[in-house]
Amino acid sequence: MRQRAQWGQASVEKMLGALPVAAEFCSRLRIRELVDAACPVRDVAELTHGQVIEVLVANRLTSPAPLVHVQQWARNWAVAEAFGTEPDLLNDDRIGRALDAIAPHLDQLAGSVGLAAIEAFGIDVARLHWDMTSISLHGDYEQTEPEFARPRFGHPKDRRPDLKQIQAGIAVTADGGVPVFHRAYDGAAGEVGQVIGAMQALQRLAGPQQMLMIGDSKLISYANLAEMSAGQVRFIAPASKLYVSAETLAGLELADAIKVDYVAARDVGKPAERRGVWHVCEDAMTLAGPRKRDPILSLRRIFVHSSARAQAAATARAKKLERAREDLARLERGLGSRHYPDEQAVAARVAAIGRARRVAGYLSAVTGTAPVTGKPTLAWHFDQNAIDAEAATDGWYALLTNLPADTADAAQVLAHYKGQEAVERRYQAFKGPLAVTSLYLKNNRRINALITVICLALLIFCLIERQVRQALAAQGATKVDRLYAGRHAVPTGRLILDALAGIRLIPGTGQSPPTIPQPTDLQLHLLALLDVDPRDLR
């Protein structure tokens, strides 16, 4: 029997979710204190800049919203109870002024909060992974402030060349994948040219201990490696073809390499026969500078062979060859038609097929004109020697390092480098749960400040994941029951925040304190692992 619902009193419940966790971690990192020290306000101000930035960080962690909607989010969520900040004060003008205020102090704040994280959570920063990504922007941004990273057209990693971009770089620790450092860069800035500045900032963060910096191929240039060697910084990075030629890789023999006891994360749980196999061997190389007086750098060169990478390369080559054959066969059938009436049109189409299918390196074609009919002709074939030469490099790549051999052998160098995927995972969170896709803000000053807010949120996101995993390890466990779709799962920042999202709060009235309806057993378990009691409101 159908029933008709009736209207009732308006609900007074607010979303609480992970706000107490965000507030506790902001407190441990001293975000409000550090922002207010760098950007003081007048005594008559109703909110400090530190209070606004804390709330923006919490918004990114719980329910990312455009700045114009943050005030309504704060009203619907228990921001007043968790942070002691009145939602009505969080209009977009006040938020914009807070971003303007912190913008000149971003490097100082990034370093101070990074140090606070290292001290408060005991993070090991001896090994740091560095990488950069791009953030697409809506808007023209023709008038920019030159002291801040400027939107420019570049090479966007989200494949939106129609949009201007800002770039961001983060350094992630091997200990828990925690982004302890970040910096914004011009949209057109070359990644190679930013390495030295990042390295010097990371040295200040790491202190007197020996630091190992790991990055992608953009880390490698003579200037970068010379500066790192002079600064006693160790490094590992893959070498591009500029430094290790395809001919060098093709001359390697798998029989001369040593099998490595390494299992890729994607292969965990697979039978042994379906897992990728890794081999390494090494030699030495020297790198000369552009000037005669530049010192010669002596480097270790670690050659790595991945069976999975070799199989993927072979499969990709077979597919592109097959597609090129189909295109060329279609072209042959159309010779003399209105689309390909003459030799020039045929030659242009052959060149286009070579580019589009990436087979120009081994496609040999001869075009002409039939003397009797006047129709264009085409004879083509794939150069098997060129194909075999490319196939000889399948699965091989080289890592360059200045780590002493008695500190790390070739297998250990590979294991260190494989931690680089932590940066990619953090960028996935940066552009996923924290909702950083395309941005639109008033000016580049605020864009830079918002990137810092987002990176602070990412720092807390990763610290939450690290603390839960460490607390589980102390109990001899690695997974949390019923964390993912009712099944036990390894905790990630996103799964933890999603599990806590359902917690509610009933505001207090008069002398009655706020009430939190009983959380689930899973939520209580996670809060205990995080050492956070949501009843302790500000």
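Within region 1-92, the percentage of alpha carbon pairs spaced more than 19 angstrom apart rounds to 45%.
Taken along the Cα-to-beta-carbon direction at a fixed 7 Å, the label points for ARG2 and ARG338 span 5.9 nm. Taking a point 7 angstrom from the Cα of ALA386 along the C-beta vector, which residues in region 210-253 have backbone N less than 20 Å away? Flagged as within label range: 241-242, 245-251. Relative contact order of region 21-176: 20 percent, from C-alpha pairs under 8 Å at least 6 residues apart in sequence. Highest-first packing order for the peptide set 233-240, 63-70 is 233-240, 63-70, based on the mean count of other beta carbon atoms within 10 Å. Report note on the peptides 512-525, 288-301: ranked by the mean count of other C-beta atoms within 10 Å, highest first, their order is 512-525, 288-301.
How high is the FRET efficiency between LYS442 and ALA126 when r is their beta carbon distance and R₀ equals 41 Å, given to the nearest 0.05? E between LYS442 and ALA126, to the nearest 0.05, is 0.50.
Here the chain is treated with +1 on each Lys and Arg Cβ and -1 on each Asp and Glu Cβ, and its dipole about the Cα centre works out to around 1380 debye.
Of the cross-linked pairs LYS157/LYS259; LYS164/LYS270; LYS164/LYS479; LYS157/LYS442; LYS241/LYS431, those separated by over 32 Å at the C-alpha level are LYS157/LYS259; LYS164/LYS270; LYS164/LYS479. Treating r as the C-beta distance of ASP536 and ALA223 and R0 as 45 Å, the FRET efficiency rounds to 0.30. A Förster distance of 56 Å, applied to the separation of the beta-carbon atoms of THR407 and ARG504, puts the FRET efficiency at 0.60. The stretch between ASP43 and ARG28 holds 2.9 nm of extra length on full extension. This uses 0.36 nm per residue minus the Cα-Cα distance.
Helices in the chain, meaning DSSP H runs of at least 4 residues, each add -39500 (n - 2.57). Divided by all residues, the mean residue ellipticity at 222 nm is -12500 deg cm²/dmol. Distance from the C-alpha centroid of region 203-276 to that of region 163-191: 20 Å, rounded to the whole angstrom.
The overall shape of region 220-319 is prolate: from the C-alpha gyration tensor, with semi-axes ordered a ≥ b ≥ c, the ratio a/c is 1.5 or greater and a/b exceeds b/c. Take the alpha-carbon centre of region 410-431, take the same for region 436-489, and report the distance between them in whole Å. Their Cα centres are 16 Å away from one another. Note that region 82-196 presents 40 Å² accessible area per residue, ligands and nucleic acids not counted, probe 1.4 Å. Simple rule: put +1 on each Lys or Arg Cβ and -1 on each Asp or Glu Cβ in region 1-97, find the dipole, and look at ALA74, TRP7, SER63; the Cα lying farthest toward the positive end is TRP7.
So what is the accessible area of region 260-385 per residue, in Å², with the probe set to 1.4 Å?
On a per-residue basis, region 260-385 sits at 62 Å².
On the chain, 50 percent of the accessible area sits on carbon and sulfur atoms, based on a 1.4 Å probe.
Close amide H pairs (under 5 Å, H built 1.01 Å from N) link ARG482 with ARG487, HIS488, ALA489, residues at least 5 positions away or on another chain. Over all pairs of different C-alpha atoms in the chain, the reciprocal of the mean inverse distance, the Kirkwood hydrodynamic radius, equals 27.0 Å. Protection proxy ranking for 129-137, 459-467, 9-17, 305-313, using the average of other Cβ atoms within 10 Å per residue and placing the highest first: 459-467, 129-137, 305-313, 9-17. For ASP131, the residues whose modelled amide H falls within less than 5 Å of its own, excluding neighbours fewer than 5 places apart on the same chain, are ILE170. Note on ALA65 and LYS157: their simple-model spin labels are 2.9 nm apart, each label 7 Å out from Cα toward Cβ. Averaged per residue, region 426-518 has 45 square angstrom of accessible surface, using a 1.4 angstrom probe with ligands and nucleic acids left out. Taking 0.36 nm per residue of sequence separation and removing the Cα-Cα distance, the SER364/ALA352 pair yields an extension gain of 3.0 nm.
Across region 17-26, rounded Karplus estimates of 3J(HN,Hα) from the backbone phi angles (6.51 cos²θ - 1.76 cosθ + 1.60, θ = phi - 60°) give x, 8, 4, x, 5, 4, 5, 5, 6, 4 Hz, Gly and Pro being marked x.
Distance between the C-alpha centres of region 19-48 and region 364-408: 59 Å, rounded to the whole angstrom.
The values are calculated or read from the model by the stated rules, or taken from the named source; none is laboratory data. What you see is a predicted model, and the numbers here were worked out from it, not measured in a lab. Every residue, glycine as well, gets a Cβ built from its backbone with ideal geometry; the counts of neighbours run over all protein chains shown. Remember, those area values only see protein heavy atoms, side chains included, never the ligands or the DNA or RNA. Shrake-Rupley method; radii C 1.70, N 1.55, O 1.52, S 1.80 Å.
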